[in-house]
1. Would you confirm whether any residue within the stretch 724-744 is closer than 29 Å to Ala30 by Cα, out of contact with any strand residue (DSSP E or B) (no Cβ under 8 Å at 6 or more places or on another chain) and either aromatic (Phe, Trp, Tyr) or open to solvent by 30 Å² or more (accessible area, probe 1.4 Å) (or both)?
2. So which of Gly104, Gly127, Gly99, Gly136 is over 32 Å from the mean Cα position of the chain (by Cα) and not aliphatic (A, V, I, L, M)?
3. Where in the stretch 146-264 are there strands (runs of 3 or more DSSP E), lying fully within it, with 1 or more residues that are in contact with a helix residue (DSSP H, G or I) (Cβ under 6 Å, 6 or more places away or on another chain)?
4. Give me the residue from the stretch 1-15 that is assigned to a helix (DSSP H, G or I) and of a type in the set (A, V, I, L, M, F, W, C) and, out of that set, least open to solvent (accessible area, probe 1.4 Å).
5. Among the candidates Ser168, Ser233, single out the residue that is closer than 27 Å to Glu95 by Cβ and not basic (Lys, Arg).
6. Got at least one residue in the stretch 63-85 being in contact with a helix residue (DSSP H, G or I) (Cβ under 9 Å, 6 or more places away or on another chain) and of a type in the set (A, V, I, L, M)?
7. With the checklist (1) closer than 30 Å to Leu284 by Cβ; (2) touching a Ser or Thr at 6+ places or on another chain (Cβ under 9 Å); (3) surrounded by fewer than 17 Cβ atoms within 10 Å (Cβ to Cβ) in hand, flag the one item Gly752 doesn't pass.
8. Hey, can you tell me all the residues within the stretch 241-266 that are open to solvent by less than 30 Å² (accessible area, probe 1.4 Å) and not aromatic (Phe, Trp, Tyr)?
Amino acid sequence: MSAFLKDIRYAVRMLAGTPGFTVAAVICLALGIGGTTAIFTVVHAVLLRPLGYRDPDRLVRLYTEFPKFPNGGLRRFWTSPPEYDELKRRLQSFESLDGWVNSGVNLAGAADPIRVTGTFITGGLFGQLGVTPAMGRGITQADDVDGAPLVIVISDGLWQRAFGRDPSVLGRVVAVNGRNANVAGIMAPGFAFPPGELDAPEMWAPLQLGPPDPKRRGSHYLYLVGRLKPGVSMQVAQSEVDRHVQQSQAELGANGHPFSPDQHPIVMYPLHEEVVRSIRPALLTLMGAVGFVLLIACVNVANLLLARAEARQREIAIRKALGAGLGQLIRQFTIEGLLLSTAGAAAGIALAAAGLRIMVAAGKASIPRASEVSIDPTVLMVTLGVCLITALFFGLAPLAQIAAGTLHDALKATGGRTAGSITANRFRSILVAGELALALILLIGTGLMMRAFWKLGDVNPGFRAENLLTLRVALPQATYPKPANVSRFWQMIQERATAIPGVVSATAMNGLPPQRPINANDTQIENFTPVPGGPGHNIDYWQTAGDHFFETMGIRLVEGRYFDARDVDGATPTVVINRTMAHTYYGNESPIGRRVRPGFQDPWRVIVGVVEDVKNAGLDLPAGTELFLPARQVNAPNTIYLALRTAGDPLSIVSAVRAAVRDLDPSLPVSQIRTMTETLDAARSRPRFLTTLLGLFSATALLLAAVGLYGVISYSVTRRTTEFGIRMAMGAEPGDVVRLVAGQGLKLALIGVAAGAAGALALTRLISGLLFGVSSFDPLTFLAMAGLLAAVTAIACVIPALRATKVDPLVALRYE
């Protein structure tokens, strides 16, 4: 123990005696370990940590699908209440099966009416999850009976935000969408269901579905979650589900909307897998990127230690001559490495803690379970493991040249006169070339992501986003029970909004692009007969269009006309369709004057116009088919998105818009107020978040690799001072010395670029699913990033090369 303590004291003295080396090593390690800790913290919280429910590995998501629909079919689709009732009664593999619907909710009963995200659940769901409220009670089967008094459970956050954590809120009567409800419970902090939602629900209420109506099997809107019975595997459960699908087709026949293996199957996936499915590739990409940064940092520190060990050869040789064995030297170097890695890990954890706060805040709209991200004991244990591995790496790396040397060579050498052993120089060069290769792989990956993000930014959403303000108002069914009342509100709010000073035009709609749920509504197309593998009588999006809708949104007319004063109640029913729908059903022929019948029940409507496609499913996905219905000819929906085009800053009229809604109905909260530019930015948030982090890691890797190359060349220049002096004394020009030194570095750069390009060709295909409009083998990106790396490495080589030309031959020879 005393020998160990002596080694520690000696290591501390040695590190303290070379502050430049120590600080450089700690900074390199802090960047590598800090980045690794931060990203692993997110990966652990999102991908690895089990969901906070009872036996979460037995929870599965069930979906219906329509794989034969156009554009790849409808995947992971909803289930209808009659289908849910059928599955709940017949499937034996499940201990329980429950459903839910997410919906915006008008909540009144606090200081002001507010709009919150709510989840309406079947009565057994809380029991299935094994969760109970922190205060009060949860939702039970008795609450889920059609006609039962309405109760709600609220989140801890909503309790704080709307009720100031007042415990007397339990039992209080509030209004939920205009209907009285009793606050039955308050969930514990951190509870979330559905898990992983970016807009996390803050209120839960019973669905109260009532008896299933067999005629409404096609009304799909329920999400399902089931708990497998103990001992039942996913494979066994899926086999039972597949058998039921076959039976359903035989029992109901083609006209009964049955389940069908090829037309309408049921699929199931583990719940946790579904929560992280969309973010997993991005997080694993970031984990790989930060692993490269850590490896580059370790290589840099190893190079520093190699150079330091070479400079200490005489000291080590003397210690060996005095009786120190190889084991003692290994222990000494390992302790020095451990001290360095511990200091780097401590600084890295501090850096990770600060970086996590920024990362979670910036990626809150992109990372599911972001609220659960924190540095916990598991993360600290992983960081400790990284610390120990790097310590061993640092400790053992320099021993190769120590073990290869001899006492005689080291003792007769004098400091500063040699360029180091050929083996040591070659090993350092290999490490630097490896650094450059890793940096180039990261740079190419980042370049591809940046090009994809730029292309996404150039996507035409189908409307003009500038000077456009949007907001949402929802009319509760309880207070607006008649369609005439809803339609009247549509017209009045448009008139009030248009009259606001600074507003050029205003309109209303029921779905806001560019990210809205698909409708997939049945629509009869006159004289159209579906063929196998082709489009059916189904339209992706229905849009109820208020007055001056197309003009306000800035949607371009392709053919025909917009809606106008002719398209009112009592006139010929009309409809406008988008370009994709026109091409899908009418090919190169004009659809103007043709007829469609929304829902197979409404009156036939005449197509009067074709407009440009509007992105509804996301900026990176096809627009889909869409038809537009004039609000004055249909029963307007209760959900209203108001769009106002302004002459100046859209945000300057927010208070006036609020006042207009308040004048019409003080009980209505106004929500989702933002400019359309902000809405488009939100649609690009995930690729922007990933690209930003990859760019940060790539810049760090490039800087570390350049520093590593600079260090090797600079060290070589220092050790070859005498050689350069002799060369210049014999007539060598400064340019000759620059070419000699820079050539050494550029040779390493070329090796690194070649190896990095080969590695990128093999690895970038792994991120192809994250790229939009760019091939993972894009030659322009490969060449540009290779050029960037070459430019940076050239600078790193030239600086020490120029320093070599400053050597005074007389001074160098006198030193010799």
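The values are calculated or read from the model by the stated rules, or taken from the named source; none is laboratory data. Here the structure is a predicted model, which is why all the values come from computation and not from measurement. All Cβ positions, glycine included, derive from the backbone under ideal geometry; neighbour counts span all protein chains shown. These area figures cover heavy atoms from the full protein model, side chains too; ligands, DNA and RNA do not enter into them. Shrake-Rupley method; radii C 1.70, N 1.55, O 1.52, S 1.80 Å.
1. No.
2. Answer to the check: Gly136.
3. 151-154, 179-186, 203-206, 223-228
4. Ala11
5. Ser233
6. Looking for residues that are in contact with a helix residue (DSSP H, G or I) (Cβ under 9 Å, 6 or more places away or on another chain) and of a type in the set (A, V, I, L, M), one finds none in the stretch 63-85, hence no.
7. Tallying (1) closer than 30 Å to Leu284 by Cβ; (2) touching a Ser or Thr at 6+ places or on another chain (Cβ under 9 Å); (3) surrounded by fewer than 17 Cβ atoms within 10 Å (Cβ to Cβ), Gly752 fails exactly one: (3).
8. Across the stretch 241-266, the qualifying residues are Val241, His244, Val245, Ser248, Gly253, Gly256, Pro258, Ser260, His264, Pro265, Ile266.
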